[in-house]
Structure formats: structure tokens, C-alpha cells
Amino acid sequence: MRKRVSVGDRAPDFTLVSQRGEKVSLGDYLGKSAVVLFFYPKDNSPGCTKEACEFRDNYLILKEAGAEVLGISSQSEESHGIFSATFALPYLLLSDTDGKVRELYGVPSSFGFLPGRVTYIIDKNGVVRHVFNSQLRARRHAAEALRMVRAIGREIAGTPL
């Protein structure tokens with residue numbers, strides 16, 4: 001596995017297909033907004049559903065704070081489409097069926113077999129500003145993202161963090 005992407009690194013660009021069948025690149029957002037990029041193990045599993053719904057429930061607040069949300073797992077666009085529709089997820093889910101983007105970011109496995117749950121906060125210049133890695137605290141990912149996106153907003157506005 002490649003070196004893990006860390007705070008201060010330039011976020012590797014990628015292009016994946018969303019649940020809507022459209023190609024999406026990280027570069028589409030650079031210069032426009034921060035990105036909350038979260039890797040999750042599997043559509044419709046209990047922990048992943050909790051995490052996805054926390055991002056859903058905080059989506060408008062994250063957008064108002066200047067960030068877009070993108071979720072990545074290895075399931076197909078069709079699986080993502082069903083998951084997204086079932087839980088009314090307003091953000092894009094991207095299919096990394098071959099695991100290349102997960103590997104590019106160095107997302108570790110949990111317990112030796114379960115795809116990891118890691119959230120990256122990427123500023124609009126493409127720099128990773130925060131990484132939150134917790135397999136068991138699925139709901140905490142959205143709160144961590146919101147905290148950091150707000151901190152970046154205050155920094156840009158010139159207010160001390």
C-alpha cells in the first residue's frame with residue numbers, strides 16, 4: 001500500500017463514477033470549495049448508514065460553510081444509487097470498485113479485513129487540512145468535518161482559530 005495521505009499533503013486527484021453515472025474528479029472542486037472526502041466500507045451496513053445519514057443531516061451546514069461532500073466505497077454505481085435514494089443522501093457517492101483511489105490515499109484496513117473508514121478535509125487549494133480515522137465512531141466523522149470546515153472558514157476570514 002502507498003504512503004498514507006496526511007495533513008499538509010496535496011490531495012491526490014482522481015476520477016470516479018457517481019451514483020448518477022457521471023464522472024467526478026476531485027479537481028472539479030479545486031478553487032471553488034473545500035471538500036469533505038469520506039471513505040466508508042459498504043453501502044447499507046449499520047455503521048456506514050449512520051455515517052452517511054450524519055453527513056446528510058449536516059450537508060446544508062457544510063455547504064454553507066464552504067464545503068462539498070463526497071463519499072467513496074467499492075460498491076457499484078447501482079448500489080450507491082439505491083443507498084442514496086433509500087436514505088435521501090444529497091451528496092455524491094463515488095464507486096472505487098478496484099480500490100485504486102483507496103490505495104492512492106493509503107486508507108488502511110480495519111481489523112485486517114474491513115475497508116477503513118477515513119475522512120479527509122481538503123481545502124480549496126487541494127491541501128489536506130485534517131484526517132479523521134475511526135472505524136467504530138462512524139457518527140463522529142461528520143462532526144469532525146464540520147468542525148474543521150468551520151475552522152478553515154475562520155482562517156480564511158482572518159479570524160484566529
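Nothing in this text is a laboratory measurement; each read-out follows from the coordinates by a stated rule. Computed from a prediction, not measured in an experiment: that's the story for all the values here. Please note: Cβ atoms are built from the backbone with ideal geometry, for glycine as well, and neighbour counts cover all protein chains shown.
With a Förster radius of 30 Å applied to the beta-carbon distance between Leu60 and Arg10, the computed FRET efficiency rounds to 0.60. Roughly what would the spin-label model give for Cys53 and Ile82, points 7 Å off Cα along C-beta, in nm? Each label point is offset 7 Å from its Cα along the Cβ direction, giving 1.9 nm. Summarising the strand pairing of the chain, around 65 percent of its internal DSSP beta bridges are antiparallel. Here are labelled values, (1) 50; (2) 61; (3) 64, and one is the computed percent of Cα pairs over 19 Å apart for what I pasted. Which one? Among (1) 50; (2) 61; (3) 64, the one calculated here is (1). Among the listed pairs Lys23/Lys124; Lys3/Lys32; Lys3/Lys50; Lys42/Lys124, a Cα-Cα separation exceeding 25 Å is found for Lys3/Lys32; Lys3/Lys50; Lys42/Lys124.
Put a plus charge on the Cβ of each Lys and Arg, a minus charge on the Cβ of each Asp and Glu, and nothing anywhere else: the dipole of region 15-156 about its Cα centre is then about 420 debye.
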